[in-house]
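Contents: one structure, followed by commentary.
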Amino acid sequence: MIRKAVAGDAAALADLAAATFLLACPPGSSPEDIRLHLKRTLSVDNFAEYLADSKIAILVLEQGARLDGYTLLVDRQSTDPDVLRALGGQRSVELSKCYVHSDHHGRGAASTLMQASLDWAAEREAASVWLGVNSQNARAIRFYEKSGFTKVGTKSFTLGDSVESDFILECPLPGKG
Ligand SMILES: CC(C)(COP(=O)(O)OP(=O)(O)OC[C@H]1O[C@@H](n2cnc3c(N)ncnc32)[C@H](O)[C@@H]1OP(=O)(O)O)[C@@H](O)C(=O)NCCC(=O)NCCS
């Protein structure tokens, strides 16, 4: 089942983020950088702030009492010049996070979550959805390509105290773009 997360989900989301963030990191990422990233952006307090922000939606994949995946969407223009250049002025929702527990990889759950995320952006009348993905994350890149995204640029991403290289991908939404 997919549903919109609510304030009471902050702790479960932080647990899920801690269990899944490592899967998106390039091999060789330092444990300290990962620890810092979790503390700075994926803590219970961070999720409580995201859940209170009217420009953000978190969609969760839930089975029983357990959260098995989530996406975080931001309906706010990016301030990153590389992203603005890549999007060429289009109104685009950011798919800021997309994580599914490894038990569910390769089973279609991620596609269901992605479709619900694209539907949310379409309801907000965005022209497209964009995201940043680590250039070494081949599995996620393949998944995004299957979902309708193409590469439109590159940008940097701060992981703890290190700087990583991301691809910028964009998916046009029906009737827009
Ligand atoms: C990204 C994610 C949500 C995709 O969900 P998923 O269930 O794994 O996706 P799917 O199995 O539908 O698609 C993955 C595709 O990558 C392919 N793939 C798997 N490992 C791969 C690899 N090492 N290199 C290239 N392709 C790979 C799969 O074969 C599949 O393609 P196919 O359907 O054409 O065979 C999930 O893998 C995930 O949560 N990963 C960890 C977190 C992450 O990286 N998030 C993205 C952050 S930007």
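Within the set of other residues whose C-beta is less than 11 Å from the C-beta of His105, count the net charge using Lys and Arg as +1 and Asp and Glu as -1.
Values: positive: Arg107, Arg139; negative: Asp68, Asp103.
Its environment carries a net charge of 0.
Length gain on complete extension for the stretch Thr158 to Glu49, per 0.36 nm per residue less the alpha carbon to alpha carbon distance?
Contour length minus Cα-Cα distance gives 37.2 nm.
If you rank Thr79, Thr20, Thr71, Thr150 by fewest surrounding Cβ atoms within 10 Å, what's the result?
The order, fewest Cβ neighbours first, is Thr79, Thr150, Thr20, Thr71.
Around Glu164, which amide H atoms from residues at least 5 apart in sequence, or from another chain, sit under 5 Å from its own amide H, with H modelled in the peptide plane?
Phe157, Thr158, Leu159
Per-residue HN-Hα couplings for the range 149-162, Karplus 6.51 cos²θ - 1.76 cosθ + 1.60 at θ = phi - 60°, whole Hz, x for Gly and Pro?
With the stated coefficients, the range 149-162 comes to 8, 10, 6, 10, x, 9, 7, 9, 9, 8, 10, x, 9, 10 Hz.
With a 10 Å radius around each residue's Cβ, average the other Cβ atoms per peptide and rank 126-132, 96-102, 29-35, 8-14, highest first.
Going by the mean number of other Cβ atoms within 10 Å, highest first, we get 126-132, 96-102, 8-14, 29-35.
By average Cβ neighbour count within 10 Å, what is the ranking of 163-169, 37-43 from highest down?
Top to bottom by mean Cβ count within 10 Å: 163-169, 37-43.
In a Gaussian network model over the chain where Cα atoms closer than 10 Å are linked, find which of Leu59, Leu159, Leu73 has the largest mean-square fluctuation.
Leu159
Here are some pairs, Lys39/Lys97; Lys97/Lys155; Lys4/Lys55; Lys97/Lys146; Lys4/Lys39; Lys4/Lys97; which of them have Cα atoms lying more than 19 Å apart in this structure? Could you put the intermediate results ahead of the total?
Details: Lys39/Lys97 16 Å; Lys97/Lys155 16 Å; Lys4/Lys55 13 Å; Lys97/Lys146 17 Å; Lys4/Lys39 24 Å; Lys4/Lys97 14 Å.
Those over the limit are Lys4/Lys39.
Which whole-angstrom value gives the distance between the alpha carbon centres of the range 45-77 and the range 144-176?
A separation of 19 Å, based on Cα centres.
Considering only DSSP beta bridges where both residues belong to the range 2-172, give the percentage that are antiparallel (nearest 5).
Antiparallel bridges make up about 90 percent of those DSSP assigns within the range 2-172.
Span-like helices, the chain: DSSP H, alpha-carbon axial extent 18 Å or more, mean Kyte-Doolittle 0.0 or greater, which ones?
Details: long enough: 109-123 (21 Å, 0.32).
Result, helices passing both filters: 109-123.
At what distance in nm do the modelled label points of Gln115 and Gln63 sit from each other, each positioned 7 Å from its Cα along Cα→Cβ?
1.8
Could you compute the net charge surrounding Ser135? Neighbours are other residues with a C-beta less than 11 Å from the C-beta of Ser135; K and R count +1, D and E count -1.
0
Rule-based calculations on the coordinates, nothing more; no lab input. The shown structure was predicted, so the numbers you read here are calculated from the model rather than taken from an experiment. When we count neighbours, we look across all protein chains shown, and the Cβ atoms used for this are built from the backbone with ideal geometry, even at glycine.
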